[in-house]
Amino acid sequence: MAPKRSAAFALAALGAFLAAERAHGASGLASCPCLEWAGLDSHLVGNHIVYKPIGSGVSYNWPANYGNGACQTHDAGLAPMCGQGAPATRRLASFPSWCNDQWCWVSKSNCQGTNFMRSVLFPSVTDLYFSYRTCGSIDSFSAWAAGNAGSSSVNLVVASYLQSSRLQIEDAYQKNAGSVSLECIYTTQCSCQDCVQNSAWGQKLNAAEVGTLLKPGTGTEGQRLATCMTKAVADTFRRVAAKESDAQTSRVGYQYFADQASGSMIQWPLADWCPATGFDPRFRPWYAAGATGPKDIVIVVDVSGSMDTANRYQKSQQAAEAILNTLVWKDFATIILFNHAIASVYSDVLVPVTNTNRESMLNWLDEQNWKMGSTNFKAPIEKVFTVIEASVTAGKTSTCQRAVMFLTDGQAAFDEADFLQAQQKSLEWDIAWFTYALGTGANTAVTKRLACDNKGIFYPVSDTADLTQIMAAYYAYFAVGQASCSPSFSRYADANTKEILYAGCLPMLERTAHNSSLLGVACMDVNMLSSIDQLKAQPNQAWEQLACEMSDVTKKCRHMHLTDCSLQKLRLQVSTESMCGDSADAASVQAQKCPCLDRNCKDEESFLDEKGYFCDAWIGDDCSTATAEKWSYSQSGQAMLMQKCKLSCGLCELKDPCPYTGTEECSSSTLSSSTCRACESKVSGVGIDDRAMCCPGKAGTYAPNCAEATPSPTPSSGGLSPTPTPSPTPSSGGPSPTPSDSSDAPGSAEDSSGMIIGIIVGCLVGVAALVLAIWFFFLRRKRTPATSQAYAYSPKPTPIPPGPGAPTPIPPVMCPPPAQRLAVPSTWKNQDRTKDFYALGPEPALLADVQKMLDATWKKVKTRDRREGCEPKRMVATGVRRVENNVLFQRYLAEVNRIKNKRSHPCTALDRLRGGSPSTVSSGGSNITAGGLDRRVNETVLWHGTSPQGAVGIAQNGFDLSRAGSAAGSMYGPGIYLAEASSKSDEYAQDDNGGLYSGEYCLLICKVVLGEPMCLTAGGNSVHTSIKASMDGGAYDSVLGDREASVGTYREFVVYREEQVYPEFIVLYNRAESNQ
């Protein structure tokens, strides 16, 4: 229920409503009058019209004047949609809003200035049109905004419309499944001959029609069944559009349904759109989001060397990407790659699958090695439980169902003790295992038992099978037995207009047995009722209330009870090989009637336990262990929990045999509460706007006031789109967003919000901006003097400690004790990692490679930092020295791990930033550096200009930030400045001025960990405080100063911690005045 409107707003809206009413008479608008339907007589039987829903075996008697000649509430009291007590309508939580609205038949050629829609009530009639607006029926948003008695919340209207769609689709399936002999007539979307260009939508449309896309290769019976289900729901789509859309169809918003069996799809409005090859709506995020509740997913993939066989590694990556594309903001996930050990982990705790995080995961997958090493099952399986436990402890969980998706093509040892431990841990954390044995060499015994022991499903997958489709269809498991009565909501950006759309989606279920299965998913955009700008303009935080309602109902855990009998039936749908048990027989499993739960056993919906959680947060967990250390509830708290939350705690009676002949029906909508759960309870993760859950109007017990919450990032096109960007065709393009959601790209919402946070925090320390010098003085350590490119900072006045609210600087990382040190590079002569040693060794074999790097990264660009006359033509390397300093190297490794461990996801990849990865890497730097580069934390190779004497000092003692600014300016503040271009670092290089290397200049080749880079083009004193605050606060780890983009010079990379750089090689060179 929405908050009360202000009196002035309600009076204004009500006045507009009454004025509209006076303009409409009993016969409709003069510009769109009601008419007598000329074909009425052909549908009369006696004194009534016979209506038979498409695909139904039941007929209904309607009044003879139905819709004829005058504005009336023609549908009020009529079955199957609006009739009180009709058997079919008992599944509706509330009747569609059109049931009590006035309308009449109109002529398409004599209706101007208002909207109308073609009727499909009578299949043989193709030229019958109707209108609500000509009779003064106003849309749901206007009624709600005016505060009309009986008007529903916008979200409740969406729910009622979706439930109407469910009724029509499910009834059509029941009447036609197994006996489809005649294909239902439909209008194809590819291509549309009657569509006209609509400037508001950016494409060609026919708003009076719905369009169907039949997926090829489904089979005749499957396509016929799909056409009848889509034809049945077309009536609801048309009625919703006729009542809710404006006359010019200028408000963007879709209705759509996709069929689980065939992958076919229906959509309003009909659009001139042909999908790209391979498009399947069942693998769009909105489909899985509507089919299932929130869940935790751990994707575990074998990346051993055998994955190179038959391109298995490519199929595995594509399958992992497809799984990620079925997850949305309400879900949590991470990825584990393994071979003979743990090859790589995306995050050690689960992360919410926001648009930004999903894009980050997809990019991370691109960066991994997918075919190297042998196979070990124990390490990744142990890692799964470590991740789950750490996530629950940290609150990084949906608190709902958990699943592991385990893919391998290999053989590995796994004994009885390992199986028992996996079963015990899976039971403790309520984890279902989906296991996939890929190819003929996979160990099916281990993978099958993992699934059978842990309430999962085993999939044998041949090298020729479609692995992506097999793995991405996991969500059908979670849809079984879930009679969801409320939609799940998602947010996306329309591909054509970039407008933000909010979609409500509801699963359609096969109800011929007590345990339902998934028929498909229907969705409707909230934007069909009103633009989001209109909703946000409502008083009393009405939009925050609506958004909180959408988040609440979507994040609520859905109860799912699967007995061994139900699981065997699901396994049999995969193959007989997937069935568990030596005596499993397909015929007996098919015929068996499974036990079921007592439907009178319910949770007390309003109950909050002593830790602040609603009952559904306990789904899958053992309530009888609430007093254990893991949860730490009191005895009385546990007793109350088990009394109030019987369904979620798994305490309901199991009835065998099951006394029910059909699935459980909806009794009420869970959207009816006027108080958001975020205002009362603990809620993990984010809301629909990808920001932390908040409470409208005031701070809740655990959540902040929405007015004070962090603004949400803008989703990019396609985060949750109904359809992806179409392939190039003669048509005008697809009706909805593209599948990519690159909100993690440079300049994206996440980057911008991070910068804003940094600036805000920086303002808090503005009073300390003049006091940095003393602060750095206290951190100063005695070093060998060295002037170089790093030190671009001029002395400051004596500082005072940072003011209140300033972030505490991260303390420096010291060299670990000998027992905790990591291995040194294999190319070093001294291999004892426990010792403190320092040596410089000549590397004549690298001289040619270094010369190639110097030449490849040279640019004929001069800046004001070059203080010694003209730019040389070339830099000629004369010597290379390897630096072996174990103290500096161990500090550097510790810093790499610190940056890696503080982030739950990889840093923004350098190759996604403007200019890409540093040219020092592509020109050979990655080949000569020791130990490879960790791309997760943006480890790279860069130049640093100094003098030969300064280079030796740095090699022995490391960089010294207390001397920052001694050689050049300070565009991005006091830091260590590095470059990808040798010519840029040459601007800071100096000769020895009469010393041992007089006449020779020096560059260092440095290994650098950049972490998360802050991308800036402008520099100067105005950004110094915000940079420092962002570094101290941990939002960023470095600055990428892109002067190449702003003024055409160079990109510089600046780090602000000495440990972030290891000086790996000293390069001596001469400046040549010719290119020879």
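Bear in mind these aren't lab numbers, they're just calculated from the coordinates by the rules spelled out. This one's a predicted model, so the numbers in the text were calculated from it and none came from an experiment. Every residue, glycine among them, receives a Cβ derived from its backbone with ideal geometry; neighbour counts consider all protein chains shown.
List MET560, MET642 from most exposed to least, where exposure is judged by having the fewest other Cβ atoms within 10 Å.
Working: MET560 19, MET642 16.
Least crowded to most crowded, the residues run MET642, MET560.
What are the residues whose amide H is under 5 Å from the amide H of CYS71, where those residues sit 5 or more places off or on another chain and H is modelled from the backbone?
Close amide H contacts, sequence-distant or interchain: SER27, GLY28.
May I ask for the percentage of alpha-carbon pairs in region 602-651 that lie more than 11 Å from each other? Display every interim value, and only then the final one.
On the way: 757 of 1225 pairs.
Tail of the P(r) past 11 Å holds 62 percent of the pairs.
Per residue of region 574-581, what does 6.51 cos²θ - 1.76 cosθ + 1.60 with θ = phi - 60° give for ³J(HN,Hα)? Whole Hz please, x for Gly and Pro, Karplus curve as stated.
With the stated coefficients, region 574-581 comes to 7, 5, 5, 5, 7, 5, 9, x Hz.
Exposure proxy check: ASP689, ASP622 ranked by fewest other beta carbons within 10 Å?
On the way: ASP689 25, ASP622 15.
By the 10 Å Cβ count, ascending: ASP622, ASP689.
Over 32 Å between Cα atoms: which of LYS315/LYS448; LYS243/LYS295; LYS204/LYS315; LYS175/LYS243; LYS682/LYS1007 fall into that group?
Values: LYS315/LYS448 21 Å; LYS243/LYS295 36 Å; LYS204/LYS315 36 Å; LYS175/LYS243 29 Å; LYS682/LYS1007 44 Å.
Cα-Cα > 32 Å for LYS243/LYS295; LYS204/LYS315; LYS682/LYS1007; rest within.
Which of the aspartates and glutamates could a cross-linker span from LYS378 if the Cα-Cα distance has to be under 14 Å and same-chain partners fewer than 8 positions apart are dropped?
The reachable aspartates and glutamates, counting only those whose Cα sits under 14 Å from LYS378, are ASP302, ASP415, GLU416, ASP418.
What whole number of Å gives the distance from the Cα centroid of region 300-377 to the Cα centroid of region 829-883?
37 Å
Given a Förster radius of 60 Å and the C-beta distance between ASP308 and ASN705 as r, what FRET efficiency does 1/(1 + (r/R0)^6) yield to the nearest 0.05? Don't jump to the answer; show the numbers that get you there.
Details: r = 55 Å, r/R0 = 0.91.
Rounded to the nearest 0.05, the efficiency is 0.65.
Local charge sum around VAL446 (other residues, Cβ-Cβ under 14 Å, Lys/Arg +1, Asp/Glu -1)?
Numbers: positive: LYS378, LYS448, ARG449; negative: ASP302, ASP409, ASP415, GLU416, ASP418, ASP453.
With Lys, Arg at +1 and Asp, Glu at -1, the net is -3.
So if R0 is 51 Å, what FRET efficiency would ALA417 and ARG599 give, r being the distance between their Cβ atoms, rounded to the nearest 0.05? Let's see the in-between values first.
Details: r = 41 Å, r/R0 = 0.80.
Between ALA417 and ARG599 the formula returns 0.80.
Of the cross-linked pairs LYS555/LYS611; LYS602/LYS655; LYS455/LYS569; LYS108/LYS231; LYS396/LYS902; LYS556/LYS602, which ones have a Cα-Cα span greater than 20 Å in the structure shown? Don't skip to the answer; put the middle values down first.
Values: LYS555/LYS611 18 Å; LYS602/LYS655 15 Å; LYS455/LYS569 12 Å; LYS108/LYS231 22 Å; LYS396/LYS902 15 Å; LYS556/LYS602 15 Å.
From the list (LYS555/LYS611; LYS602/LYS655; LYS455/LYS569; LYS108/LYS231; LYS396/LYS902; LYS556/LYS602), the Cα-Cα distance tops 20 Å for LYS108/LYS231.
Please give every one of the aspartates and glutamates within straight-line cross-link reach of LYS984, meaning a C-alpha to C-alpha distance under 14 Å, and leave out same-chain neighbours fewer than 8 residues apart.
Here the aspartates and glutamates satisfying the reach criterion relative to LYS984 are ASP855, ASP865, GLU868, GLU871, ASP1042, GLU1044, GLU1052.
If neighbour count is taken as other Cβ atoms inside 10 Å, put LYS52, LYS383 in order from fewest to most. Please report the intermediate quantities before stating the final value.
On the way: LYS52 13, LYS383 19.
Lowest count first: LYS52, LYS383.
Give the shape of region 423-546 as rounded, prolate or oblate, defined through the alpha-carbon gyration tensor: a ≥ b ≥ c are the square roots of its eigenvalues, a/c under 1.5 means rounded, and otherwise the shape is prolate if a/b is larger than b/c and oblate if not.
Values: a/c = 2.58, a/b = 2.15, b/c = 1.20.
The shape class here is prolate.
To the nearest 0.05, what FRET efficiency results for LYS108 and THR661 with a Förster distance of 35 Å applied to their C-beta separation? List each step's numbers first, then the result.
On the way: r = 46 Å, r/R0 = 1.31.
Between LYS108 and THR661 the formula returns 0.15.
Please give the residues of region 1030-1074, grouped as numeric ranges, whose backbone N is less than 13 Å from a label point set 7 Å along the Cα-to-Cβ vector of CYS870.
Label zone hits: 1072-1074.
From the Cα gyration tensor of region 308-462, with a ≥ b ≥ c the square roots of its eigenvalues, which class applies: rounded if a/c is under 1.5, or else prolate if a/b is larger than b/c, or else oblate? Before the final figure, lay out the partial values.
Values: a/c = 1.65, a/b = 1.11, b/c = 1.49.
Here region 308-462 falls in the oblate category.
Would you mind calculating the gained length between ASN897 and ASP41 on full extension (0.36 nm times residue separation, minus the Cα-Cα distance), in nm to one decimal?
Details: separation 856, 0.36 × 856 = 308.16 nm, distance 8.09 nm.
Result for the pair: 300.1 nm of gain on full extension.
Taking a virtual spin label 7 Å from the Cα of SER1046 along the C-beta vector, which residues in region 991-1035 bring their backbone nitrogen under 16 Å of it?
1014-1028
In terms of the Cα gyration tensor, with a ≥ b ≥ c the square roots of its eigenvalues, is region 807-888 rounded because a/c is under 1.5, prolate because a/b exceeds b/c, or oblate? Show your work: numbers first, answer last.
Working: a/c = 3.40, a/b = 1.56, b/c = 2.19.
Taking the square roots of the gyration eigenvalues as a ≥ b ≥ c, region 807-888 is oblate.
Test of understanding: what is the full-extension gain from TYR838 to SER606, defined as 0.36 nm times their sequence separation minus their Cα-Cα distance?
Going from the current span to full extension adds 76.8 nm.
Using the Cα centre of region 602-651 as the reference point, and only Cβ charges (+1 on K/R, -1 on D/E), how large is the resulting charge dipole? Debye, rounded to the nearest 20. It would help to have the intermediate numbers written out before the result.
Values: 5 positive and 9 negative charges, 19 e Å.
For this selection, approximately 80 debye.
Taking a cut-off of 14 Å between Cα atoms, list the aspartates and glutamates near LYS215, but don't count ones fewer than 8 places away on the same chain.
ASP259, ASP280
So, counting K/R as plus one and D/E as minus one, what does the shell of residues with Cβ under 12 Å around TYR477 add up to?
Details: positive: LYS295, LYS455, LYS569, ARG571; negative: none.
Net local charge, TYR477 excluded: +4.
Projected area of region 536-608, taken from the Cα convex hull and averaged over every viewing direction, in nm²? Kindly include the intermediate steps, with their values, before the conclusion.
Numbers: hull surface 35.4 nm².
Orientation-averaged projected area of the Cα hull: 8.9 nm².
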